[in-house]
Every structure is written in structure tokens, then in C-alpha cells.
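All remarks here apply to the structure that follows.
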Ligand code: PLP
């Protein structure tokens, strides 16, 4: 077995999900906060477009970067949403945002390079960087900075081996959102130190309280050194369709097209057609979904702050909260196990996202308000029991 295979790590959310499923098979009803996936169904017009495409015979190979119609639709979408111009040959459609992370890092990073990533962060960054025999360098996201990645903290980690910085806003697992001045600061660092910027913007539409999504991609001076990763998974509740994309300078896209050609040849033709319908069709679904997430966020933040030992900031984006549980007096891994066993509530320990997550839990609130309320009540009771016993 090749040693690189042992440097890849899977997401812990799936381990907890499996444990929760085992309890469900034993007859318990478990409330799920562990998996980061929209509970909404994919809008009907997108499903219809896929069905129509199947009937029309979109069941064959397509060009490796994606059909031209799709890349044109992505190009229009980026202009509308990100105010950036990318021509279709600067775009590759990928099997989800996760593949986009793999493609981007594989294309940019050499063995021995250092890559700066947020800590905590989506686990695939660290895993793929290690797979490539490169070194992840963690920048701690601090609660007192609302878990934003602060440019000065990034610059302090730059060495002569640094190749790239991974940016993720809105952020998984913290829900934090970078400001204009944050992304400008990150762009300046990239220019000063000749770095590539990989910006993972899969939650770009899930943002609250009137805040605007800001991305380094909109800063013209760094355009040729930015790889913009995006996905339809979260915005259109299309996690099972496996569709994402990368927009970047041609020199990157050309090599990624060859990588995709070697891996999967192309993406399913009917999924590509449905994606065109998602990007060009009515967008009211997205707004409704985000409004609902905002209501849920308010309920969960409020409820968590009523539990003794929990302190929860109100995040501005994504559908996660990241409460500080240091006041409970229990290691976060043990607390996850305890809540699953005692309250039948599935959560994730913050350290599943990096050492900076010690002392925190992550909740995904992509579930109904009723279930959120029921889950919070169960946690409250379980924590009170713990405190009475201790
Ligand atoms: N990037 C971040 C930050 C994520 O949280 C996720 C999924 O949870 C992804 C990328 C991958 O999404 P997908 O592969 O479903 O497009």
C-alpha cells in the first residue's frame, strides 16, 4: 500500500453519523446536528431540467471541463454575483466543491511546500495538503476576532516555503464572514510574498443581517493568482448531485482539465444541464432558504446561550454555530459522546476541524426549528444532570 493513502483523512461527521444511525437502528430517535447539508429539497425546476435532459439523451460523455453552455452560465453567474469576469475557458466544472479543493491544491502545491489554512477548517484542506506531502500551517481563528482569519495572523506564518493560502468565507465550522478589509489585507500579503490564494466560497449566498459576501477574487491585482472554488451543493440544496466549479487563470484551468480527464473524463451530462437551469433559473428559493436559516440561527444561538457552560457567538454566515463549551468542564470529544449517549443528540467536537477547535462543539442547524428546539432541550437536561452529578 502506498504511504500517501494513510495521509488522507475522512470527515469525522460521517463517523458520528454512523454511530447515530446505529442508535436509530436500536429504536432511539436521534436529533442530528452533525452533518452539514441543507435539509431542503432541490427546487423542482432543477429536477425537471435533469429529467428533461435525460429524456433528450444527455447520457453520454461531454468535454472534460464541462459543456460550453454550463461554463457560459457559470461565467454569467460569476459576473452577476461576484462582479468578476471569467471566460468559459477559465472555468472547469468539478464533481462538487470537495473535488475542487483536491484539484486546486494538487495543481498548485509541490512536495515540501507550506500552505496556510485556517484553524479550525473544513478537514479536506489539511488532508489533501498532507496527501501531497506538503505542510499545512495553521492560522488560529480566535473567538475574540469572531473567528475571522486576520491578515496579520496570516502574515506571521509566511516563510520562504509558503506557496498558498486557503481562504473560506463564510466559514465552516465557525460561520464567520470576512470583511472587505480582511480580504484586501490577504490580497496584499499574497502580492508581497508571491502566494497563490485558494478561496473556497461554497457558502457565498448563505449570509445574514445585511452583510455582503467579500472575496479576494474581486480584487483585480490578484486575479491571476486566485483560484475561486464554488459549488451548487449548499446554495441550491444539491449535495447529492456532485457539482461544483473552479474559476481561475487559464494556466491553472488547462492543467486541471487534464487532471479531470484522467480521473472521471467528464461530469454527468444531465447534471450539467440541470446546473444551467439552477444558475439561470429563478433565484427566489435561495432567498427563502437563507431567511429560514437565519431564523434557525437565532433560535439555536439563543438556546445554546441558555445552557450552563455554553457560550455561543452569533455567526454571520453558513449554517453552523461553534459554541465555546469550556465552561462545561468536559473535553469536547467526551461531550460529543455523552450528548449522543445521554441525550440522543448528534454534534461534532470542534477539534475534528483542527487543534483550534478544542473547547468547542460544532452544530449544523440545517434542520427544522422544532427539531432544533427539541435538541436544545435535551442538551440542557443532559448538562444539568452532569452538573448535579459533578
Ligand atoms: N468547502 C466547504 C467549506 C464545505 O463546508 C464543504 C461541504 O461541507 C465543501 C467545500 C464541499 O462541498 P461539496 O463537495 O458538497 O460541493
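List of remarks:
- The number of residues in the stretch 211-225 being under 21 Å from the mean Cα position of the chain (by Cα) and either within 16 Å of the ligand (Cβ to nearest atom) or part of a loop (DSSP other than H, G, I, E, B) (or both) comes to 7.
- Top-ranked residue of the stretch 28-58 - restricted to ones that are farther than 16 Å from residue 243 by Cβ and crowded, with 17+ Cβ neighbours inside 10 Å, ranked as farthest from the chain's Cα centre (by Cα): 30
- Here residue 74 meets each of (1) part of a helix (DSSP H, G or I); (2) within 15 Å of the ligand (Cβ to nearest atom); (3) closer than 22 Å to residue 165 by Cβ with one exception, condition (3).
- Test: residue 267 is away from the ligand (no atom under 13 Å from the Cβ) and either in a loop (DSSP other than H, G, I, E, B) or under 30 Å from residue 48 (Cα atoms) (or both): no
- The set of residues in the stretch 91-113 that are touching a strand residue (DSSP E or B) at 6+ places or on another chain (Cβ under 6 Å), touching a residue at least 60 places away in the same chain (Cβ under 8 Å) and away from the ligand (no atom under 16 Å from the Cβ) contains only 108.
- Some residue of the stretch 249-256 being under 18 Å from residue 70 (Cα atoms), surrounded by fewer than 23 Cβ atoms within 10 Å (Cβ to Cβ) and free of Cβ contacts under 8 Å to residues at least 12 places away in the same chain: yes
- Taken over the stretch 325-346, residues that are in contact (Cβ under 8 Å) with a residue 60 or more places away in the chain and over 14 Å from residue 383 (Cα atoms) amount to 1.
- Helices (runs of 4 or more DSSP H) wholly inside the stretch 114-210 containing at least 2 residues that are without any contact (Cβ under 8 Å) to a residue 60 or more places away in the chain, over 20 Å from residue 230 (Cα atoms) and in the same structural domain as residue 248 (by TED's automatic domain parsing): 151-155, 180-193
- You will find that of 276, 271, 286, 321, the residue that is within 19 Å of the chain's Cα centre (by Cα), at pLDDT 95 or above and closer than 30 Å to residue 65 by Cβ is 286 and no other.
- The condition of being within 15 Å of the ligand (Cβ to nearest atom), buried (at least 20 other Cβ atoms within 10 Å of the Cβ) and at pLDDT 95 or above does not hold for residue 182.
The values are calculated or read from the model by the stated rules, or taken from the named source; none is laboratory data. If you're wondering where the values come from, they're calculated on a predicted model, not measured in any experiment. A quick note on method: Cβ atoms are made from the backbone with ideal geometry, for glycine too, and the neighbour counts reach across all protein chains shown.
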